[in-house]
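Have a look at the structure below, then the notes.
The values are calculated or read from the model by the stated rules, or taken from the named source; none is laboratory data. Just so it is clear, the structure is predicted and the values come from calculations on it, not from any experiment. Virtual Cβ from ideal backbone geometry, glycine too; neighbours counted across all protein chains shown. Surface areas here come from the heavy atoms of the whole protein model, side chains and all, with no ligands, DNA or RNA. Shrake-Rupley method; radii C 1.70, N 1.55, O 1.52, S 1.80 Å.
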Amino acid sequence: MKYYLTLLLSLIFLNDAALAQCSPSVIFKDDFGTGTAQYGPALPANVTAYQYTATGSVNDGQYSIRKTAAPLDGTQIFGSWFTGSEHTGNNGYMMVVNASFNAGKFYETKIDNLCSGTSIKFSAWIANLLRLGTPDPLDPDVKFEIKSAASGTVLGSYTTGKISRYSTFTWEQYGFDILLPPGETSVILTMYNNQVGGYGNDLVLDDIEFSVCGAETKPFLTGTYLGGNTVCSNNNILINGNITKQVYNNPVYQWQSSTDSINWVNINGANQQDYTINNATASDSKWYRLLIAEPASINLPNCRTTSSAIKLDVYDPKPVTLSNESPYCIGDTIKLVNQFPALSYNWTGPNSLSSTDSVISIFPASFSDAGVYSLTTITDGGCVTIGNTNVTIKPNKLSVSLPDTTTLLCDNATVTFTANNPFITDWQWSTGATTPSLTIATDGTYWVKVSDDACKAADTTTVRTNRTPVVNLGSDTTICTDENILLDVTDVVATDYLWQDGDNKPVKNIVNQGYYQVTLSNECGTATDGFSVIIANCLNQLFVPTAFTPNNDNKNDILKAKAFFPITDFSFSIYNRWGQKIFTTTNLFAGWDGTLNGNQAPSGAYVWYLSYKRKNVPYKQKGSTVLIR
């Protein structure tokens, strides 16, 4: 059973002379455990006869399992004591002991599953709880005794003598070696208080250990890259056991391997101090360790020496795969890149090129840069690989020329640009077209990029569209003497205006009779129109004929009103002799064609009514007209 004890005794000095030197593997440890509480459980009755106290002061003949020597129930710690803390460093417990007035046993435990015929190292950590300079007269004095569990024979003992006091709380380690007789696998460890009386004799105890004193070995690799733990495949590797101290009379060896450094398997036939891996492969990438023991104990974990683990990584060579965009055009940038990263690079090439850079970049490329480039790489494990690539330099025979000035397209015209050259193999226009020619009909900036297998050329031009101005003055017209016509011939694309009288404004106010003509112009051309204006003395009445002849001779076929001045809100209605409305319109330019329900209306007189506004003043008229067949 494993325990962790805090003993209230005096602080123990580490006595190096008492500790045998070896490379131990711990096979038993009692560090009194850990927990979230400030105190641990009592020890079994067969371990100590002292009285257990969980939280109170630890008095003579008592012990506690705690994280501190101080009482946990609020009472004051003894003035001569350190508070202390456990030795293991895992926020665990220690055994606090206030030794009995009488000398005698205060701790005893049985340790099983030991290795018969093996040298075993015992050790324990003790600290004197008494402060330096305190008046309590007694310092702890502890005797360790180990005897055979089978025969009771004492196999070894050691007495600390009076353990010194310090000004600060100080742990000291004590121990000694024993040789377990053949055939025996269990011992009994007993600790005695050698001091008599109270007033002192207080200590703490922690980290009681039994270890196998095995051989000293620290394996190392031979044949690896730069003496490390990596190697390139197909190399031979020697794992040297490096045994610097041998403790076994008839040692045997077993090498083991592991893929995770946790689960280990024996390597068949690997039973020498050294282990050789011939023609290593990636599958040999593992952890390795050496086991050493007496012949009967090699498979007993507590009875053998286990070396530290050593890691071996075996790598396969990585090919030199060069990214090369050859052929290159004269003046371009030559860029050579290996597709796999490496530990080192060594380039050679034309023009006495020598470089250790990972990437080769040459600008501007010249014809003398053409040739074979060689790269030697060293990758993980020291794998050396060589690769070559050839670089070709070509002259640039490409040319392309688009208009330097902006091209004007008028009235939905188009233009075709051509980028042609006997050496061009690829075209890329800004529109996405890939043909030698491109027809354009819209504004914009257009570019073309051309190339062959190495060289490139490009050019850019702009296109602007426009149209010829448009003008329409309408039909000849008549206006009254007190009226005018305001003409606005503005066209957003026109840049110049010219009237027949030399006026150059787009807006013209007409008040006089005559012929008027205007010409609009811009970069695309001109547009001209004209019309006549007649001035008439107008009453505030519209003209309606007194008769009409709807006989389809295009002469006086339609009965309609005529205005000689601008009007609004026009309405015109016609009635037959019985007062029925047979026609109505609000369009000054519409009239009656002499039909009724698709049939010719009879000859005779028809009454009409009309209304309108002139200069926003309302007017009404009525009259009659004779339909003549």
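When region 78-87 is examined, which residues are found to be crowded, with 18+ Cβ neighbours inside 10 Å, on the phi < 0 side of the Ramachandran plot and assigned to a loop (DSSP other than H, G, I, E, B)?
Across region 78-87, the qualifying residues are 78, 82, 85, 86, 87.
Which is open to solvent by less than 30 Å² (accessible area, probe 1.4 Å) and among the polar types (S, T, N, Q), of 522, 540?
After ruling out the rest, the residue left standing is 522.
In a loop (DSSP other than H, G, I, E, B), modelled with pLDDT of 95 or more and more than 40 Å from the chain's Cα centre (by Cα): does that describe residue 442?
yes
Could you list, ordered by first residue, the pairs with Cβ atoms under 8 Å in which the first is in region 226-253 and farther than 30 Å from residue 342 by Cβ and the second is of a type in the set (D, E, K, R) and surrounded by fewer than 17 Cβ atoms within 10 Å (Cβ to Cβ), at least 6 apart or interchain?
Every condition considered, the pairs that remain are 241/274; 242/218; 244/218.
Looking only at region 186-201, filter to residues that are surrounded by 19 or more Cβ atoms within 10 Å (Cβ to Cβ) and of a type outside the set (Gly, Ala, Ser); which one of those is farthest from residue 58 (Cα to Cα)? Lay out the reasoning, then the answer.
Here is the first cut: in region 186-201, the residues surrounded by 19 or more Cβ atoms within 10 Å (Cβ to Cβ) are 187, 189, 191-193, 195, 200-201.
Narrowing further to those that are of a type outside the set (Gly, Ala, Ser): 187, 189, 191-193, 195, 201.
Values: 187: 30, 189: 24, 191: 19, 192: 18, 193: 16, 195: 17, 201: 12 Å.
Taking the candidates together, the pick is 187.
Does residue 204 satisfy the criteria of being crowded, with 19+ Cβ neighbours inside 10 Å, on the phi < 0 side of the Ramachandran plot, touching a His at 6+ places or on another chain (Cβ under 9 Å) and not charged (D, E, K, R)?
Criteria met by residue 204.
So in region 469-479, with the set limited to residues that are out of contact with any Pro (no Cβ under 9 Å at 6 or more places or on another chain) and assigned to a strand (DSSP E or B), which one is farthest from residue 563 (Cα to Cα)?
477
Would you call residue 605 touching a residue at least 40 places away in the same chain (Cβ under 8 Å) and part of a strand (DSSP E or B)?
Against the criterion (touching a residue at least 40 places away in the same chain (Cβ under 8 Å) and part of a strand (DSSP E or B)), residue 605 does not qualify.
Any residue in region 301-319 that is within 30 Å of residue 112 (Cα to Cα), open to solvent by 70 Å² or more (accessible area, probe 1.4 Å) and at pLDDT below 95?
yes
Which condition does residue 331 not pass, out of (1) in a loop (DSSP other than H, G, I, E, B); (2) open to solvent by 50 Å² or more (accessible area, probe 1.4 Å); (3) touching a residue at least 24 places away in the same chain (Cβ under 8 Å), if it passes all the others?
(2)
Yes or no: region 108-119 includes at least one residue that is over 57 Å from the mean Cα position of the chain (by Cα), modelled with pLDDT of 95 or more and crowded, with 21+ Cβ neighbours inside 10 Å.
Yes, because at least one residue in region 108-119 is over 57 Å from the mean Cα position of the chain (by Cα), modelled with pLDDT of 95 or more and crowded, with 21+ Cβ neighbours inside 10 Å.
May I ask you to list the residues in region 69-121 that are closer than 26 Å to residue 200 by Cβ, among the hydrophobic types (A, V, I, L, M, F, W, C) and in contact (Cβ under 8 Å) with a residue 60 or more places away in the chain?
If the condition is that a residue be closer than 26 Å to residue 200 by Cβ, among the hydrophobic types (A, V, I, L, M, F, W, C) and in contact (Cβ under 8 Å) with a residue 60 or more places away in the chain, then 69, 78, 81, 82, 94, 95, 96, 97, 99, 101, 103, 106 are the ones that fit.
Looking at region 446-468, can you tell me whether even one residue there is part of a loop (DSSP other than H, G, I, E, B) and free of Cβ contacts under 8 Å to residues at least 40 places away in the same chain? Talk me through it step by step, then tell me what you get.
Taking region 446-468 first, the residues part of a loop (DSSP other than H, G, I, E, B) are 452-455, 467-468.
Right, trim to free of Cβ contacts under 8 Å to residues at least 40 places away in the same chain and you get none.
No, region 446-468 contains no residue that is part of a loop (DSSP other than H, G, I, E, B) and free of Cβ contacts under 8 Å to residues at least 40 places away in the same chain.
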